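The values are calculated or read from the model by the stated rules, or taken from the named source; none is laboratory data. Predicted model only: the values in this text are computed from it and were never measured. Note that we place each Cβ from the backbone using ideal geometry, even for glycine, and neighbour counts take in every protein chain shown. Heads up: the accessible areas ignore ligands, DNA and RNA and are worked out on the full protein's heavy atoms, side chains in. Shrake-Rupley method; radii C 1.70, N 1.55, O 1.52, S 1.80 Å.
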Amino acid sequence: RLFDLDPDLLPLFQYNCKQFASPQECLSAPEFLDHIRKVMLVIDAAVSHLENLSCLEEYLCNLGKKHQAVGVKVESFSTVGESLLYMLEKCLGTAFSPDMQEAWSRLYGAVVKAMRRGWETLPEGD
């Protein structure tokens, strides 16, 4: 769903300088699947630290800096969030209630807010 929502994200997923010819090629690449696992580890950490997300602040800010360095725009995280909610809805079906959707949206929003600080933080001397 990610590349259906924003095909311009495809060039951001380059591994070993390889450009993917199609979203399907990217989606089946081991490197992309590893990236998805890493995204899910971040989501898992956020869920595990739900009562104290501030303990992840530095990690998420640095993660934001890394994404900025490779050309990711902050706005792209909205597309990722929409894709995440879509996946949850498809997997959970009717169990994915409006309250659950709201809770996931708020959690994802908090993660992105912390990552955005990576864009806002300039290196010393700038």
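Condition (residue is free of Cβ contacts under 8 Å to residues at least 12 places away in the same chain and open to solvent by less than 80 Å² (accessible area, probe 1.4 Å)) applied to the stretch 67-78: is it met by at least one residue?
No, because not a single residue in the stretch 67-78 is free of Cβ contacts under 8 Å to residues at least 12 places away in the same chain and open to solvent by less than 80 Å² (accessible area, probe 1.4 Å).
Could you please find all residues in the stretch 54-71 being hydrophobic (A, V, I, L, M, F, W, C) and modelled with pLDDT of 90 or more?
In the first step, residues of the stretch 54-71 are kept if they are hydrophobic (A, V, I, L, M, F, W, C); the result is 55-56, 60-61, 63, 69-70.
Hits for the stretch 54-71 are Cys55, Leu56, Leu60, Cys61, Leu63.
Report the residue count in the stretch 5-36 for those that are under 23 Å from Leu88 (Cα atoms) and surrounded by fewer than 10 Cβ atoms within 10 Å (Cβ to Cβ).
The qualifying residues number 1.
What pairs come out if I take residues in the stretch 1-26 that are among the small types (Gly, Ala, Ser) and pair them with residues that are open to solvent by 60 Å² or more (accessible area, probe 1.4 Å) and assigned to a loop (DSSP other than H, G, I, E, B) whose C-beta lies under 6 Å away, six or more apart or interchain?
Note: no pairs meet the criteria.
Mind listing just one residue for me: the one in the stretch 13-32 that is out of contact with any helix residue (DSSP H, G or I) (no Cβ under 8 Å at 6 or more places or on another chain) and part of a helix (DSSP H, G or I) and, of those, nearest to Thr79 (Cα to Cα)?
If we take residues in the stretch 13-32 being out of contact with any helix residue (DSSP H, G or I) (no Cβ under 8 Å at 6 or more places or on another chain) and part of a helix (DSSP H, G or I), then Gln24 is nearest to Thr79 (Cα to Cα).
Hey, could you check the stretch 25-53 for residues that are at pLDDT 90 or above and of a type in the set (S, T, N, Q) and say which is nearest to Lys113 (Cα to Cα)?
Checked the stretch 25-53; the qualifying residue nearest to Lys113 (Cα to Cα) is Asn52.
Taking the stated definitions as given, is Ala114 open to solvent by 60 Å² or more (accessible area, probe 1.4 Å) and under 18 Å from the mean Cα position of the chain (by Cα)? Don't jump to the end; show me each part of the working.
On the way: open to solvent by 60 Å² or more (accessible area, probe 1.4 Å): no; under 18 Å from the mean Cα position of the chain (by Cα): yes.
Judged against the criteria, Ala114 is not a match.
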